[in-house]
Amino acid sequence: MTSFLALVGADCERMGGGALAQPVNAWSSLAFLVAGAWIVSRSRRHTDRRVELVVLGAAVASNALGGLLFHGGPGATERWVHDLSILSVLLFIVTFDVARLREHGPAWTLRGFIGSLAALGGLMAIAPDVTYGFYGVLGVAAGGFELLEYRHELPRIRAEGLSARRLARLGVLVVLGLAATAFFVGRTGGPLCHPESAFQWHALWHVLAAIAMGLYAFAAVEPEWGVAGGGTLSRAV
């Protein structure tokens, strides 16, 4: 239990004796539930990407449960749910990008995601310390795929300008940058860490990360083409 308390304590907020050990960090995790629900709601208007949007929305929403459990009362099971929920989002991005590159459909994405997530969850249950390695591997892979997509988009941006979806995709980078800043400056020992404060930078990290996931769903997962008046295909904005 001591090791889990140390992990949660690294998020600055003082550990209390109430129903939730870190109430600010715990309740702010609900931002992921809001973001996940919004992503799933978008699936109703995009039948060709419904599966991907529902899966991503569920992965994002699972971070609400993971955050509530981990910051509410840390333990082995709580840590497993928390870590797997974070990795599920990274794993979805990697699986989705591979599917697009190889021109596979939603069924392949779903099978690849569920199979990989199940294997990852089982491995983490046996050897929890592998989690940090997977954070690095999946984080680098997801970031690499997205950078390739940004590079691919540059000629089209020069020729066609910035659409709402392209602005949202750039917004993902900006919001994630702000989220990472909040994460590091507010950690225990960080320059802005105040354990007794009702404002916690780690809570802001939760909110900004949830916003970034919503922007990613809108910019990258929803279809790029929509049907305009008269039944012809036009670029969605």
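Below is a table of values for the structure above.
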item	result
Cα centroid separation, segment 80-104 to segment 37-51 (Å)	17 Å
For Cα Rg over 2.2 N^0.38 Å, calculated from these coordinates, the label among (1) 1.07; (2) 0.95; (3) 1.27	(1)
Calculated FRET value between Glu196 and Ala58, using beta carbons and R₀ = 30 Å, to 0.05	0.25
Whole-number percent relative contact order across segment 1-158, with pairs defined as alpha carbons under 8 Å at least 6 apart	20 percent
Cα-projected label distance for Ala76 with Leu101, points at 7 Å along beta-carbon direction, nm	3.7 nm
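Here, each number is a calculation from the coordinates, and none is a lab measurement. Note that the structure is a prediction, hence the values are computed from the model and not measured. Every residue, glycine as well, gets a Cβ built from its backbone with ideal geometry; the counts of neighbours run over all protein chains shown.
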